[in-house]
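Participant: Okay, handing you the structure first.
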Amino acid sequence: MKSSNAPRRLVALIGSMVVVLCSAACSVGSLGTGEQADGDTTITYLVFNEPSTVKAANALIAAFEKDNPAIKVKLDTMPTGSDGDNVVKTRLSTGEMSDVFSYNSGSLLQAIRPDEYLVSLSDQSWVKDLDKSYLPAVSTAKGLYGAPTGGTTPGGVVYNKAVYAKLGLKIPKTWDQFRANNLLIKKSGIATPVEQTFGDAWTAQLVILADFANIAAVAPQWAADYTANKAHNVDQPALGSWQHLRQLHDDGLLNKDFASATYDKGVEALATGKAANYPMLAGVIDAVRQNHPQYLKDIGMFAMPTATGTDSHLTLFLPSGYYIPKTSTGAKLDAAKKLVAFTQTAKGCELLIQSGSYGPFVNRLCQVPADAPAAIKELQTYVAAGNTGPALESVSPIKGPDLPQLAVEVGSGIRTADSGAKLYDQNVLQQAQQLGLPGW
Amino acid sequence: MRSHSHIVRGLVALAVSTIVFLVPFAFIVLTASKTSADASRFEFSWPGDFVLLQNIAEVFKVRDFVIVRAFINSTTLTVSSVAVMVVLAAMMGYVVQRRTGLFTSAARMLVLAALIVPSAVVPTIWVLQALGLYKQMLGMILIEVTGGLPFCVLLCSAFVATIPRELDEAAALDGAGPLRVFFRVILPLLKPVVVTMVVVQSVAVFNDFTGPLYFLPGEENATVQATLFNFQSQTLSQWNLLFADILLITVPPLVLYLFFNRQIVEGMVNGAVKG
């Protein structure tokens, strides 16, 4: 008796589990969606799932819904990096994209074929408020597709003011001054002259990427020539950036653990004064503010010193854009356009600043707030003097995917600058051919 | 002498399993207990301020308690898809092994093909859209079932081969129909392999990140793996919260294992000997 009961019980158990859970499963998807009143339009809004971005997006939605009671906005998120790229491409090609979504501007935007999938926003009234430098990053020959999501991210050298003060060093403008400073710091032995963190390979690119405004300052046509296959990394002035990266290693200026250190280690070394300089994005300032707030006052930042002139120029990584896919139509399209326009108003800017953004911005209605960290205010001198320029990836659609790895090799002294630049040119060639650019 | 070498071997095994399993877990717990500044150093050290509870509270509060919804979704997805998968795989494995013929060899080929040919994301979404199952939990369950089924069918049919055919025949002689033979004679004997399938597939489905990312988008459909991305970005990550989240996600399977470890170990061991 007992043995014949057991299997029946097992079957009953599994069977009821399947039935109950399947029915539960079908309804759980709708958990948390609110009731919707008649006549309201609900649009979805997709952003990257970084904590600060989500916080800002929620504040934006609250303010927007207050101004437009007939529109409901539903927030959706996606991961950053290559997973995010795939999500965007998948959802665009299956017609399931959110009504408004944010995504990188510049070369990554070109890779999602804006002419085919996105609604042109050239006729919107806020376009006239945008900085001229931003327009190419969100445009194709056929139209303008995006509105800036926030401030630019400056790239350059983040430095420790306490170390500079102790040795009486001046902010370098040229590469020679920078090198002389570093050799002095090395001689004094109080700090590592230059921090590098190749444990996170992307950090190795900054010496090259943040030098671009300097190159563009002496060769304004360089980006266009590069896109047209007329200028290359193996020739000056671009080769200079690769040589600098190699020289930092050959001069023995790097921290001992440069090959394995991670970004967060680099931030700590710089904040505590163990390192004097860190070629990096201004995002370091946020990381110091979160993890080492007592040292925030010691952090400063300057543009990548130049080897091609006498005055260095600050490279600005342009903000992502808000885009509207062609699959939003009718009332949803109008609501989506309203939401995008709202982000470009003075109020939208105020909300951005409240959620921790500080620019510099590319919308003229938006100014750097008075309480921005000192390092950001320091960079205002470049902005005021007009000594800024967009990063190469914002003005040219080609960026080879192997740059981080090649930069690590050159920066670790494994490969010469010439060889690294040459391999990168080959990588760029493949990228350009994939994009089908003329002249390759 | 002999017992001496046994002790040494035992100690070595103990030391290895400590290093392989306990040290990483200790690292997770320690990092989850640190402040964000301490956690960003990635050191294997005792936290300066022990803030585990605050971190866990913070993780729960992120995005309107999205993690609670994620746990409900992940549990539903895992339990339903594994239950369906196991029942279907046991039935199919039995039939494919017992009946030989054109139809079953074709089915065998299809099972193999499903193991070999990778599924593509965009066409799968087209199919889901056509069926009205895109962004639906049911659609995701079907995808997970399809993904795990071939492996389970192979496992089952190999196991059924070890069950003597005479058992089926005896039951049939006693007047049992095919369904009865399967449910009352064969399925109970499959218990070891069922346990193996449940363990392997539960882990696989619970840990699946890319599946829900592409086929089940939407904030209300979040799964636990997706919540891990709430705490990382390129230049600013909250490692302490990330590890607290990992800890929260690791604990439920661990608790289940503590309760069911006798059955799991027994099933795995039985399966290993017989299959």
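Participant: Please give the contour-minus-distance gain from B:Phe42 to B:Val255: 0.36 nm per residue of separation, less the Cα-Cα distance, rounded to one decimal in nm.
Facilitator: 74.0 nm
Participant: Rounded to whole Å, give me the distance from the Cα center of the stretch A:300-336 to that of the stretch B:150-203.
Facilitator: 61 Å
Participant: Please give the net charge around A:Tyr358, taking every other residue with its beta carbon less than 14 angstrom from that of A:Tyr358, where Lys and Arg add +1 and Asp and Glu add -1. The partial results should precede the final answer.
Facilitator: Numbers: positive: A:Arg289, A:Lys377; negative: A:Asp286, A:Glu350, A:Asp371, A:Glu378.
Every neighbour counted, the sum reads -2.
Participant: At 0.36 nm per residue, minus the direct Cα-Cα distance, what do A:Arg364 and A:Ala141 gain on full extension? Give it in nm, one decimal, please.
Facilitator: Working: separation 223, 0.36 × 223 = 80.28 nm, distance 2.40 nm.
Answer, rounded to one decimal: 77.9 nm.
Participant: In addition: Given a Förster radius of 35 Å and the C-beta distance between B:Leu179 and B:Val203 as r, what FRET efficiency does 1/(1 + (r/R0)^6) yield to the nearest 0.05?
Facilitator: Efficiency, rounded to the nearest 0.05: 0.65.
Participant: When Lys and Arg each count +1 and Asp and Glu each count -1, what net charge do the other residues less than 10 Å away from A:Thr345, Cβ to Cβ, add up to?
Facilitator: Residues close to A:Thr345 contribute a combined charge of -2.
Participant: Among A:His313, B:His6, which comes first, second and so on when ranked by fewest other beta-carbon atoms within 10 Å?
Facilitator: Ranked by crowding around the Cβ, least crowded first: B:His6, A:His313.
Participant: Let me have the relative contact order for chain B, percent, based on Cα pairs under 8 Å that are six or more residues apart. Kindly include the intermediate steps, with their values, before the conclusion.
Facilitator: Values: 260 pairs, mean separation 85.0, N = 275.
It rounds to 31 percent for chain B.
Participant: Same structure, new question: Through the Karplus equation 6.51 cos²θ - 1.76 cosθ + 1.60, θ set to phi - 60°, convert the phi angles of the stretch A:174-183 into ³J(HN,Hα) values in whole Hz; use x for Gly and Pro.
Facilitator: Karplus-based 3J(HN,Hα) across the stretch A:174-183 equals 10, 5, 5, 5, 4, 5, 4, 4, 5, 5 Hz.
Participant: How much of the calculated P(r) for chain A lies past 36 Å, in percent of all Cα pairs?
Facilitator: Details: 33240 of 96580 pairs.
That tail contains 34 percent of the Cα-Cα pairs.
Participant: If you don't mind, another one. Tell me the net charge near A:Pro390. Cut-off is 12 Å between Cβ atoms, A:Pro390 excluded, with +1 for each Lys or Arg and -1 for each Asp or Glu.
Facilitator: Details: positive: A:Lys132; negative: A:Asp131, A:Glu393.
Spelling it out: positives minus negatives among the neighbours equals -1.
Participant: Ok, one more. Which FRET efficiency value, to the nearest 0.05, do you get for A:Lys132 and B:Gln129 by plugging their Cβ-Cβ distance into 1/(1 + (r/R0)^6) with R0 = 51 Å?
Facilitator: 0.80
Participant: Based on alpha-carbon centroids, what's the gap between the stretch A:44-76 and the stretch A:112-131 in Å, whole number please?
Facilitator: What the calculation gives is 20 Å, centre to centre.
Participant: Just the Kirkwood number for the stretch A:175-320, please: inverse of mean 1/r across all distinct Cα pairs, in Å, one decimal.
Facilitator: 16.1 Å
Participant: Continuing with the same structure: Rank these for me by crowding, B:Asp208, A:Asp235, going from fewest to most other beta carbons within 10 Å.
Facilitator: Fewest to most other Cβ atoms nearby, the residues stand as A:Asp235, B:Asp208.
Participant: If you don't mind, another one. Rank the residues A:Asp85, A:Asp176 as a footprinting-exposure proxy: fewest other Cβ atoms within 10 Å of their Cβ go first.
Facilitator: A:Asp176, A:Asp85
Participant: Still on this structure: Tell me the Kirkwood hydrodynamic radius of the stretch B:141-185 in angstroms, computed as one over the mean inverse distance between distinct C-alpha pairs. Please report the intermediate quantities before stating the final value.
Facilitator: On the way: mean 1/r = 0.0820 Å⁻¹.
Hydrodynamic radius (Kirkwood, Cα only) of the stretch B:141-185 equals 12.2 Å.
Participant: Which residues in the stretch A:105-140 place their backbone N less than 17 Å from a point set 7 Å from the Cα of A:Ala341 along the Cα-to-Cβ direction?
Facilitator: A:119-130
Participant: Of all DSSP beta bridges located in chain A, what percent are antiparallel, nearest 5?
Facilitator: 55 percent
Participant: Based on the alpha-carbon gyration tensor of chain B and its eigenvalue square roots a ≥ b ≥ c, which shape applies: rounded if a/c is under 1.5, prolate if not and a/b is larger than b/c, or oblate?
Facilitator: It comes out oblate by the Cα gyration axes.
Participant: In the structure displayed, which of A:Lys166/A:Lys256; A:Lys170/A:Lys377; A:Lys173/A:Lys297 lie more than 19 Å apart, Cα to Cα? List each step's numbers first, then the result.
Facilitator: Details: A:Lys166/A:Lys256 23 Å; A:Lys170/A:Lys377 17 Å; A:Lys173/A:Lys297 22 Å.
Beyond 19 Å: A:Lys166/A:Lys256; A:Lys173/A:Lys297.
Participant: Could you name the aspartates and glutamates in cross-link range of A:Lys274, using Cα to Cα under 15 Å and dropping any fewer than eight places away on the same chain?
Facilitator: Reachable aspartates and glutamates: A:Glu195, A:Asp257, A:Asp264, A:Asp298.
Participant: Which of the lysines could a cross-linker span from B:Lys191 if the Cα-Cα distance has to be under 26 Å and same-chain partners fewer than 8 positions apart are dropped?
Facilitator: A:Lys2, B:Lys274
Participant: With each pseudo-label sitting 7 Å past Cα toward Cβ, what's the A:Lys170-B:Ala172 distance in nm, one decimal?
Facilitator: The modelled label-to-label distance comes out at 9.9 nm.
A short reminder: the numbers here are calculations on the coordinates, not readings from a lab. Not measured: the values here are computed from a predicted model. Glycine also receives a Cβ, built like all others from the backbone with ideal geometry; neighbour counts cover every protein chain displayed.
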